[in-house]
Amino acid sequence: MNWNGKDAALFTQQKEYIDTAVVPFVSVDFETAMIQSAEQYEFIQLLIAFLEKQFKGRMLVTPPHSYFSGRDSKLADAAEWAAKLQKAGFKHIFFFTSDSFWNGRDAEIGASVIWVPSIPLGAMDEGLKYSLIENQAKQIVNIIVQKWQEKAL
Amino acid sequence: MSKQPVSRRQFLNYTLTGVGGFMAAGMLMPMVRFAVDPVLKGEAAGDFHPTQQKVSELTSTPVRVDFSYEQKDAWYTSEVTNTAWVYKNDKGEIVALSPVCKHLGCTVSWEGSGHEDKFFCPCHNGLYEKSGKNVPGTPPLKPLDIYPTAEKDGLLQLGKPEANNV
């Protein structure tokens, strides 16, 4: 499900089936790291679009959480996202990011961090871009299915 | 130039017939066009998208066929990639099924997670027969949609998915 009116309406009707939330975490910088920040955002958005297509019926993709990289309360903000989503009834919460800051901080935040090193897609040919994203996404598909099975048992 | 004079009566007759004719045509033409429109539309209905799949290479085992085309979404034009599961049935006809689960729209895969001879949806364990028919007792309530197929230069072409009646 995407963050739009139609999907949100369907979500409220079919709540018991949709137990997974996906939040893109993107850092924003207007100085030296601007290009890098934009590339990471582009990559994460494409990756999530692919995953959403695969798992539309069980996964809600929220608007991205964007933050300035120097911000002090980054962890507290993330924990708030996790708490809010948990309260809304999501059993599986995934934060997708290319920012290495989040690497290995799952326990501190209370959600699964999926850290994917971004690939500069820049001027890449459409077909190549698609197959690249697809390969990355397939590995993540496995991670998600595994998480679903872990908690189901 | 003929020297025959045109009488006032004749002149008025000619001009009135001419102008009246134009006016009548102006009214009738759109009506006729509306009336025949459905007939003309029928010819342009073949909105098929080409794929890279060779028809001769299809077997009785479903294969994934990806195809992409441009889609306009308000002012945003994007390249859409769609997928179909394509195989030949017992009669040798090509069957192209949409991978979109009829429950909540996840993507199903052939023999996914070890479900032999079935389409499997990983989201809520939906199952479909090879024909696309939903297995009772699993969440989906309708069979998988089916693509109309066409062949051009030996390559498969797919239309718009339709409801499946199996």
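Using a 1.4 angstrom probe on protein heavy atoms only, which residues from segment A:14-37 are buried by at least 50 Å² of accessible area when all chains are present rather than their own chain alone?
Buried by the other chains: A:Tyr17.
Tell me whether chain A comes out rounded, prolate or oblate; compute the Cα gyration tensor, take square roots of the eigenvalues as a ≥ b ≥ c, and use a/c under 1.5 as the rounded threshold. Before the final figure, lay out each step's value.
Numbers: a/c = 1.64, a/b = 1.21, b/c = 1.36.
Judged from the Cα gyration tensor, chain A comes out oblate (a/c at least 1.5, b/c at or above a/b).
Enter the mean number of other protein chain beta carbons within 10 Å of the beta carbon of each residue in B:123-134, as an integer.
Numbers: counts 12, 6, 1, 1, 0, 0, 0, 0, 0, 0, 0, 0.
Per-residue shielding by partner chains comes out at 2.
Apply the Karplus parameterisation 6.51 cos²θ - 1.76 cosθ + 1.60, with θ equal to phi minus 60°, to every residue of segment A:7-21 and state each ³J(HN,Hα) to the nearest whole Hz, in sequence, with x for glycine and proline.
Result, rounded to whole Hz: 5, 5, 5, 5, 4, 5, 6, 10, 3, 5, 8, 9, 10, 10, 10.
Cut-off 10 angstrom, C-alpha nodes, Gaussian network model of chain A. Which of A:Ala33, A:Ala107, A:Ala123 fluctuates the most?
Of A:Ala33, A:Ala107, A:Ala123, the Gaussian network model singles out A:Ala123 as fluctuating most.
Ranked by accessible surface with a 1.4 Å probe, highest first, in what order do B:Glu116, A:Glu52, B:Glu129 come?
Descending order: B:Glu116, B:Glu129, A:Glu52.
Once amide H atoms are placed 1.01 Å from N in the peptide plane, what residues at a sequence separation of 5 or more from A:Val113, or on another chain, have their amide H within under 5 Å of its amide H?
Residues meeting the amide H criterion: A:Phe95, A:Asp106.
Determine the shape class of segment A:70-149: with a ≥ b ≥ c the square roots of the Cα gyration tensor eigenvalues, call it rounded for a/c under 1.5, and otherwise prolate if a/b is greater than b/c, oblate otherwise.
Because a/c hits 1.5 or more and a/b fails to exceed b/c, segment A:70-149 counts as oblate.
Measuring with a 1.4 Å probe in the full set of protein chains, what accessible area per residue, in whole Å², belongs to the protein assembly as shown?
Dividing the accessible area of the protein assembly as shown by its residue count gives 61 Å².
So how much accessible area does B:Asp153 have, in Å² to the nearest 10, using a 1.4 Å probe?
The value for B:Asp153 is about 140 Å².
What's the magnitude of the charge dipole for segment B:3-160 around its Cα centre, counting Lys and Arg as +1 and Asp and Glu as -1 at the beta-carbon? Answer in Debye, nearest 20.
Details: 17 positive and 17 negative charges, 237 e Å.
Around 1140 debye, computed over segment B:3-160.
When chain B is modelled as a GNM with alpha-carbon springs shorter than 10 Å, which of B:Ala25, B:Ala35, B:Ala96 fluctuates the most?
Sorting by GNM fluctuation, first place goes to B:Ala25.
Select from A:Gln136, A:Gln86, A:Gln40 the residue whose mean-square fluctuation is largest in a Gaussian network model of chain A (Cα-Cα springs shorter than 10 Å).
Greatest mean-square fluctuation among the candidates belongs to A:Gln136.
Please give the total accessible area that chains A and B bury against each other, computed with a 1.4 Å probe and expressed in Å² to the nearest 100. Display every interim value, and only then the final one.
On the way: alone 8780 and 11950 Å², together 19540 Å².
Its buried surface, counting both partners, is about 1200 Å².
Based on the alpha-carbon gyration tensor of the protein assembly as shown and its eigenvalue square roots a ≥ b ≥ c, which shape applies: rounded if a/c is under 1.5, prolate if not and a/b is larger than b/c, or oblate?
It comes out prolate by the Cα gyration axes.
What are the lysines whose alpha-carbon lies under 25 Å from the alpha-carbon of A:Lys129, with same-chain residues fewer than 8 places away excluded?
Leaving aside lysines fewer than 8 places away in the same chain, those within reach of A:Lys129 are A:Lys53, A:Lys56, A:Lys138, B:Lys54, B:Lys72.
Restrict the search to segment A:26-80; then list the trypsin sites (Lys or Arg not before Pro) that DSSP places in a loop and that have at most 15 other Cβ atoms within 10 Å of their Cβ. Walk me through the numbers on the way to the answer.
On the way: sites: A:Lys53, A:Lys56, A:Arg58, A:Arg71, A:Lys74; in loops: A:Lys56, A:Arg58, A:Arg71.
The qualifying sites are A:Arg71.
Give me the percent of accessible area attributable to carbon and sulfur for the protein assembly as shown, probe 1.4 angstrom. Present the calculation step by step, with values, prior to reporting the outcome.
Values: 11030 of 19540 Å².
Ligands and nucleic acids excluded, carbon and sulfur reach 56 percent.
The values are calculated or read from the model by the stated rules, or taken from the named source; none is laboratory data. A quick note: this is a predicted structure, and the numbers were derived from the prediction, not measured. Note that each Cβ is placed from the backbone with ideal geometry, even for glycine, and that neighbours are counted across all protein chains shown. Keep in mind that these areas ignore ligands, DNA and RNA; they rest on the heavy atoms of the full protein, side chains included. Shrake-Rupley method; radii C 1.70, N 1.55, O 1.52, S 1.80 Å.
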